[in-house]
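The values are calculated or read from the model by the stated rules, or taken from the named source; none is laboratory data. Everything numeric in this text was worked out from a predicted model, so none of it was measured. Every residue, glycine as well, gets a Cβ built from its backbone with ideal geometry; the counts of neighbours run over all protein chains shown.
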Amino acid sequence: MKKIQILLLSFAVLGANASTATRRTMYTSRPVVDDMAVLNTGFNNRYKSKIEKNLNFTFQAAAFAKSSVNGNDLGKYFGVNGKNTINIEYAANLGSIIADDTKDVWNRFLVHRYNGVNSDKIRAHMELSPKQEVFGAILDLFGFLNDPLKKTYFQITSPIVYVSNDLNLKYTDTTSYYTDIETFFNGQVVNEADTNNSQDQLQYLKIMQKNRTAFGVADVDAKFGYRLIENKSRHVYLSALCTIPTGNKPKSEYLFEPIYGNSNHFALGWNLDTAMRFWKSTNHQGWGYFTLTHKYLFDGTERRTIPLNTDSYPFGHYYLAGKIGAAAGTALVPLANILTQDIRVRPGNQVEALAGFQFKSKRFALDAAYNLFFKEKEAVSLKSTWQDNNYGIAQSTFDVSASFLLANALNGKAINNSDLNLSGAATPNQLTHKFLGVISYLCSQSNRPANLSLGASYEFTDDNHSIECYEFWLKAGISF
């Protein structure tokens, strides 16, 4: 509990000190199953149905759609030097690239031309403005148990989700040779890869002008709780919970790959669910409610790409490298193919809170609420030991028809463990704020009360490592 108090007190500090993350290779968004705004608003009459009608079960199904709006900020997250544009240029030497902020990446590190022929013609400005769209349905079953567990209850929640991630990649200020750059990031064979310039295709973290999609069951939340207080004017429920992962695991094949669920991590936690009626007349009622959930997500193995730990090589995880001691004619390889490793990932603590007011008038209800979501920075580590003195970034003048030696590596240096930026493969802490409104209608007051709700929300953040989005949903519920 003390750690949760520290986390809650840290929210304001985190918001005030929001920073711009950049040169990141992995982004994990908020899991759909962790969205109180949809299920805990409207005619959330589980307890009322039990007291007044002795009904034990309530089933809810909600169709939802949400779309991100902070594409430029997310572009900076994946981009270089805190920008959502990546300028791939020709330069006489590496120093002129570092000194000129209009030139981020020297083209010959991506498209190898040992003799420099036509290198000045390979130029492109890449602009990233990622967009995420999520559609699906959330299914929820809540039940009261009878003797000998009379004061207990259970709840099972699971979303079925379709996720579409699009980098919204645009190439501007290009030359006729820019297609070599596009071909490289698409993971295709570069035309210039002849005997002297041979290079392998990019296998991981591809950047394409195409959306990537994923579909599936995005985890299952199971709660078992105790009804501490329960009457017609208030309730306090406390439950233990676990998250059973059913979503997909990151493979790092594409930058900004679609993930449904929490990236396949088991979680344990608890939930506090409270509500109180503070006003009542013949036909009208006023309610306030507060819900708090804490989860701890355990370690799991994911496939991620580790960027380099230096400002001197922006986008360095895409640079071409040679294997030290490789035989003559061995093709250079994009570093992403080597830097993509099995990573031990611990998402850690996650907190969600919902506070709101509801006005009821006969069969109608109006909700206005605030939803907070916080997830701490992921802890990541290599699952296997990195082999030092194995690869080095190839000098732009290296002739691939010769064997690759340490002297042929940029600055005569190998890529060692100390050169890896593991933090760049982790999603930073996330803190978002959501405001929402819901209108509901009680369709039936019979022995099987049913209701419909229509809701909308806007979620915002102060940083560029959380998704800002709007969401709409339509929910139906029935007690039986």
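Starting from residues that are at pLDDT 95 or above and hydroxyl-bearing (Ser, Thr, Tyr), keep the ones in region 154-174 and report whichever is farthest from His125 (Cα to Cα).
Thr157
I need the full set of residues from region 285-298 which are surrounded by fewer than 16 Cβ atoms within 10 Å (Cβ to Cβ) and either touching an Asp or Glu at 6+ places or on another chain (Cβ under 6 Å) or outside any strand (DSSP E or B) (or both), in order please.
Scanning region 285-298 gives a single hit, Phe298.
Checking Ser396 against (1) modelled with pLDDT of 95 or more; (2) more than 30 Å from Asp73 (Cβ to Cβ); (3) hydroxyl-bearing (Ser, Thr, Tyr): exactly one of these is not met. Which one?
(1)
Is it true that Gln155 is under 30 Å from Lys280 (Cα atoms) and among the polar types (S, T, N, Q)?
Answer is yes for this residue.
Go over the candidates Val351, Val380, Val400, Val345 one by one and state the one that is closer than 24 Å to Thr291 by Cα and among the aliphatic types (A, V, I, L, M).
Val351
Go over the candidates Asn196, Asn191 one by one and state the one that is modelled with pLDDT under 95 and in contact with a Phe, Trp or Tyr (Cβ under 6 Å, 6 or more places away or on another chain).
Being modelled with pLDDT under 95 and in contact with a Phe, Trp or Tyr (Cβ under 6 Å, 6 or more places away or on another chain) holds for just one of Asn196, Asn191, which is Asn196.
Go through region 25-129 and tell me which helices (runs of 4 or more DSSP H), entirely inside it, have 2 or more residues that are out of contact with any Gly (no Cβ under 7 Å at 6 or more places or on another chain) and either at pLDDT 90 or above or within 30 Å of Trp270 (Cβ to Cβ) (or both).
Filter on region 25-129 gives 36-39, 46-53, 71-78.
Name every residue in region 465-480 that is modelled with pLDDT of 95 or more, assigned to a strand (DSSP E or B) and not hydrophobic (A, V, I, L, M, F, W, C), in order of residue number.
Tyr470, Glu471, Lys475
As an exercise: evaluate Ala326 against (1) buried (at least 16 other Cβ atoms within 10 Å of the Cβ); (2) modelled with pLDDT of 95 or more; (3) in a strand (DSSP E or B) and give the number of the one condition it does not meet.
The one condition Ala326 does not meet is (3).
State yes or no: is Ala409 over 24 Å from Gly136 (Cβ atoms), in contact with a strand residue (DSSP E or B) (Cβ under 9 Å, 6 or more places away or on another chain) and in contact (Cβ under 8 Å) with a residue 60 or more places away in the chain?
Yes.
Identify the residue in region 344-394 that is in contact with a Phe, Trp or Tyr (Cβ under 9 Å, 6 or more places away or on another chain) and not in a strand (DSSP E or B) and, among all such residues, is farthest from Glu302 (Cα to Cα).
Arg363
For region 405-417, does any single residue satisfy the condition of being out of contact with any helix residue (DSSP H, G or I) (no Cβ under 9 Å at 6 or more places or on another chain) and crowded, with 17+ Cβ neighbours inside 10 Å?
Scanning region 405-417 turns up at least one residue that is out of contact with any helix residue (DSSP H, G or I) (no Cβ under 9 Å at 6 or more places or on another chain) and crowded, with 17+ Cβ neighbours inside 10 Å.
Considering only region 249-284, state which residues are surrounded by 15 or more Cβ atoms within 10 Å (Cβ to Cβ) and aromatic (Phe, Trp, Tyr).
Scanning region 249-284 gives Tyr254, Phe256, Tyr260, Phe266, Trp270.
In region 163-242, which strands (runs of 3 or more DSSP E) lie fully inside it and hold 2 or more residues that are more than 30 Å from Phe142 (Cα to Cα) and in contact (Cβ under 8 Å) with a residue 24 or more places away in the chain?
170-172, 212-217
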